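S.K.: Can you keep this structure in mind? I'll have questions shortly.
Just so you know, all these numbers are worked out from the coordinates, no wet-lab data involved. Being a predicted model, the structure only gives us computed values, none of them experimental. Cβ placement follows ideal geometry from the backbone for every residue including glycine, while neighbour counts extend to all protein chains displayed.
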């Protein structure tokens, strides 16, 4: 069965990477993309829809992937719910109200929210949680450093905060992590979790050098989400990893 994918934020760096991944995937087809402004040339010049109107794209999709803007994600999720379409968002910087809106619509449609669509980061998060649990009664400080390209606006990154949450879950909040961020050049994404003791340190590192990693993970997760019941999911669920 071929799953028809719609991309919200189609003209962005991630949107374009996801589009290329979908177009070469054996189990997916590109229904089209949603843009912030009316596309030049119109949809008739393309084999798929490119539009600034959700009502033109959403009905044609089996699942939607959102990499738009934090201020718009909850709005698009609500429209997706109106059409009964599974909704995956990797947009970072969402506030509490936006996250609450995603939880609300998950009663009607499958919703997967993640700050990072790399599948290997799911493993890194588990490693951080286990390390924090084993060291929670020891004298260790925890620091999380994230490095990204100069155009990334949110700091610390959503992924850094997600890793920090895993640390707090592991050590019951005994050693809250300290965050620091670097925005420089064209760094795709790097995260270091440092457990610093006296005379010894442990570093768990995740480095992405190619944006296609995120695109592949997003597409795999979206295809999985298309077959799920309404509910709120995270990337751990895609790999069937418990918390």
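S.K.: So if we plug the beta-carbon distance of residue 103 and residue 198 into 1/(1 + (r/R0)^6) with R0 = 35 Å, what FRET efficiency do we get, rounded to 0.05?
M.R.: Working: r = 42 Å, r/R0 = 1.20.
Efficiency, from the Cβ-Cβ distance: 0.25.
S.K.: For helix 73-83, report the angle its Cα long axis makes with the longest principal axis of the Cα atoms of the chain; keep it between 0 and 90° and round to the nearest 10°.
M.R.: 50
S.K.: Could you give the angle, 0 to 90 degrees to the nearest 10, between helix 13-23's Cα long axis and the longest principal axis of the Cα atoms of the chain?
M.R.: 60
S.K.: What are the extents of the Cα atoms of segment 135-208 along their three principal axes, in Å, largest first?
M.R.: Cα spread of segment 135-208 along its principal axes, largest to smallest: 39, 24, 16 Å.
S.K.: Mind telling me which of 78, 138, 220 comes out most flexible in a GNM of the chain, alpha-carbon contacts under 10 Å?
M.R.: Most flexible of the set in this elastic network: 138.
S.K.: Any idea what the relative contact order of the chain is, in percent, if you count C-alpha pairs under 8 Å spaced at least 6 apart?
M.R.: Values: 501 pairs, mean separation 50.1, N = 243.
Rounded, it is 21 percent for the chain.
S.K.: So how much slack lies between residue 232 and residue 127, counting 0.36 nm per residue of separation and subtracting their Cα-Cα distance, in nm?
M.R.: Values: separation 105, 0.36 × 105 = 37.80 nm, distance 2.31 nm.
Full-extension gain reported as 35.5 nm.
S.K.: In the Gaussian network model of the chain, springs joining C-alpha atoms below 10 Å, which of 233, 76, 140 carries the largest mean-square fluctuation?
M.R.: 140
S.K.: While we're on this one: May I ask for the angle, rounded to the nearest 10°, between helix 96-105 and the longest principal axis of the chain, with both axes built from Cα atoms and the value confined to 0 to 90°?
M.R.: The two axes meet at around 50 degrees.
S.K.: Separation between the residue 138 and residue 95 pseudo-spin-labels, each 7 Å from Cα along Cα→Cβ, expressed in nm?
M.R.: Reported label-point gap for residue 138 and residue 95 is 4.1 nm.
S.K.: So, in nm, how far is label residue 120 from label residue 24 when the simple model puts each one 7 Å beyond its Cα toward the Cβ?
M.R.: Result: 1.8 nm between the two label points.
S.K.: Quick one: what Rg and Dmax do you get for the chain from the alpha carbons, in Å?
M.R.: Taking only Cα atoms of the chain, I get Rg and Dmax of 18.7, 65 Å.
S.K.: If you don't mind, there's one more thing I want to ask. Shape call for segment 103-243 from the C-alpha gyration tensor, a ≥ b ≥ c root eigenvalues: rounded (a/c under 1.5), prolate (a/b greater than b/c) or oblate? Before the final figure, lay out the partial values.
M.R.: Working: a/c = 2.16, a/b = 1.38, b/c = 1.57.
Oblate shape, in that a/c is at least 1.5 and b/c is the bigger or equal ratio.
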